[in-house]
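Structure record follows, encoded as structure tokens.
The values are calculated or read from the model by the stated rules, or taken from the named source; none is laboratory data. As the structure is a prediction and not an experimental result, all values here were calculated from the model. We place every Cβ from the backbone using ideal geometry, glycine too, and count neighbours over all the protein chains shown. Note: accessible area is taken over every heavy atom of the protein model, side chains too, but ligands, DNA and RNA are not part of it. Shrake-Rupley method; radii C 1.70, N 1.55, O 1.52, S 1.80 Å.
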Amino acid sequence: MFSDDSCRGTLFRPDLSPQSVCQLVQQVYGLHVISCDELDSYDDRNFHITVDSDYDNKHLDQLCPHGYVLKVLNSLDSRKPELTKVKTDVILHACQRGFPTPRPVPTTKGQLYSLEVLEREGQSLKASDTTREVDTYLVRLFDYLPGETLASQTLTADLCFEVGQYAGLLDKALKDFDTRTIPELLVKWNLANVPHLLHMTQFVKDTDKMDILSEVISAFNVQVLQQEARFQSGIIHSDFNDYNILVRTTRELPSETHVCGLLDFGDSTKSLYVFEVAIAMAYMILKTPEGCNCDEMAGHVLAGYLSQVQLTKAEVDILPLVICARFSQSLILGYHMFSLDPSNQYTLVHARKVWPHLLHLWQRPVESTLSTWRQIVLRRNIAFPCH
């Protein structure tokens, strides 16, 4: 369930300039910044930095040759450092099993995160020091993993297959992560929270859309969430979107692009495996180039996932509805976040594309969609669940 704060809009990002980033990195990590470039972020602040070869951090064995990413969480998420610790443990678990994702870097005190008092973003420069408001923000540093985001590339069927494959590989790598003693990962983007969006549909500001969103959410609650005991669960990434997936070419085949890594475990949580593949399929539908069949692209993602993880027929049967639920979530939360910070256009990067795809999948007969996916999976010589 959402916290009251997230619904009241009391989320703040820190006020960080390139100069203050340099000071923060030197103070917390003992590194001297040479360059600093801000990266897109939904509700946090992210920076790609390069550093001087001279550093003062006994807990750092060697420098990452590609630089680092400084991630400063928003004020709400910073209030729950125990959840960040769990998510950091998830990242380390994936790294130890060879999954390509950026490693966290220790502070000069040997910790993998630090809580720092910083000013809020967007305050008037004329405000005096006594009136400028501050919050405590959680700061982390990660090795920079080279590559381009999938968002910058033209999507192909083979890339879709690799996206699904990587989602399955990650879920397999995290399968033995011990969840018995961890606190509940309350993530607003967890699909289990979709029913709580019913009271937020007004942010879409379109009556016809609001009615369909309500239908989708109600069906998802009854057919999926109230039946969740039937479905497999574990730790999932929960945000396989084109801005979190890294790709690159190789010297041997410079004309071919392949998936090479995954970013941002901020939404990782314990949830249903079918949610993981549905989320990846949803984002690849939104990424489908004009003139290509988005249903077929989604089928290639499913094929990749099934090459690594076995799903049941019941799980595959609910996939179209789960994808519609993710589309609804993206639309509502995107416009909700935009209403809180209209200057952050990144909050609408997916929400603006959702509606025609949601309408298509919601109105198309489920068996027709499953038939398309079944043919694609079988063409790749992968078993399609039948029981």
Calculate for the chain the 222 nm mean residue ellipticity that helices alone would give, adding -39,500 (n - 2.57) per DSSP H run of length 4 or more and normalising by residue count, nearest 500 deg cm²/dmol.
-12500 deg cm²/dmol
Between helix 273-287 and the chain: long-axis angle, C-alpha atoms, 0 to 90°, nearest 10:
90
Sequence-distant lysines (8 or more away, or on other chains) whose Cα lies within less than 27 Å of Lys209
Lys188, Lys287, Lys353
Share of carbon and sulfur in the accessible heavy-atom surface of the chain [1.4 Å probe, %]
48
Crossing angle, helix 294-306 versus the chain [Cα axis fit, 0-90 degrees, rounded to tens]:
80
Inter-label distance, nm, simple model (7 Å from Cα along the C-beta direction), Thr207/Gln345:
3.2
Rounded to whole Hz, the Karplus (6.51, -1.76, 1.60) HN-Hα couplings of the stretch 79-88, x for glycine and proline:
6, 10, x, 5, 6, 4, 4, 4, 5, 5
Report, to the nearest 10°, how far helix 207-223 tilts away from the longest principal axis of the Cα atoms in the chain, using its own Cα long axis and a range of 0 to 90°.
80
Go through the stretch 143-149 residue by residue and turn each phi into a ³J(HN,Hα) via Karplus (6.51, -1.76, 1.60, θ = phi - 60°); whole Hz please, and just put x for glycine and proline.
4, 8, 8, x, x, 10, 6
In the stretch 285-387, what GluC sites (Glu not before Pro) fall in a loop by DSSP, with at most 10 other Cβ atoms inside 10 Å?
Glu290
State the extension gain, in nm to one decimal, for the chain segment bounded by Asp317 and Ser152, taking 0.36 nm per residue of separation less the distance between their alpha-carbons.
56.2 nm
From highest to lowest solvent-accessible area (probe 1.4 Å; ligands, DNA and RNA excluded), Trp355, Trp189 read Trp355, Trp189
Measuring from a point 7 Å past the Cα of Gln96 along Cα-to-C-beta, which residues in the stretch 57-77 have an amide N at less than 12 Å?
none
Note to self: with every protein chain in place and a 1.4 Å probe, the stretch 229-365 gives an accessible area per residue in Å² of 35
Among 271-278, 97-104, 58-65, what's the highest-first ranking by average C-beta atoms within 10 angstrom per residue?
271-278, 97-104, 58-65
Could you pull out every one of the lysines with an alpha carbon less than 30 Å from that of Lys58, ignoring same-chain neighbours closer than 8 positions?
Lys71, Lys80, Lys85, Lys87, Lys109
Taking the Cβ-Cβ separation of Lys58 and Lys175 as r and a Förster radius of 30 Å, what is the calculated FRET efficiency to the nearest 0.05?
0.30
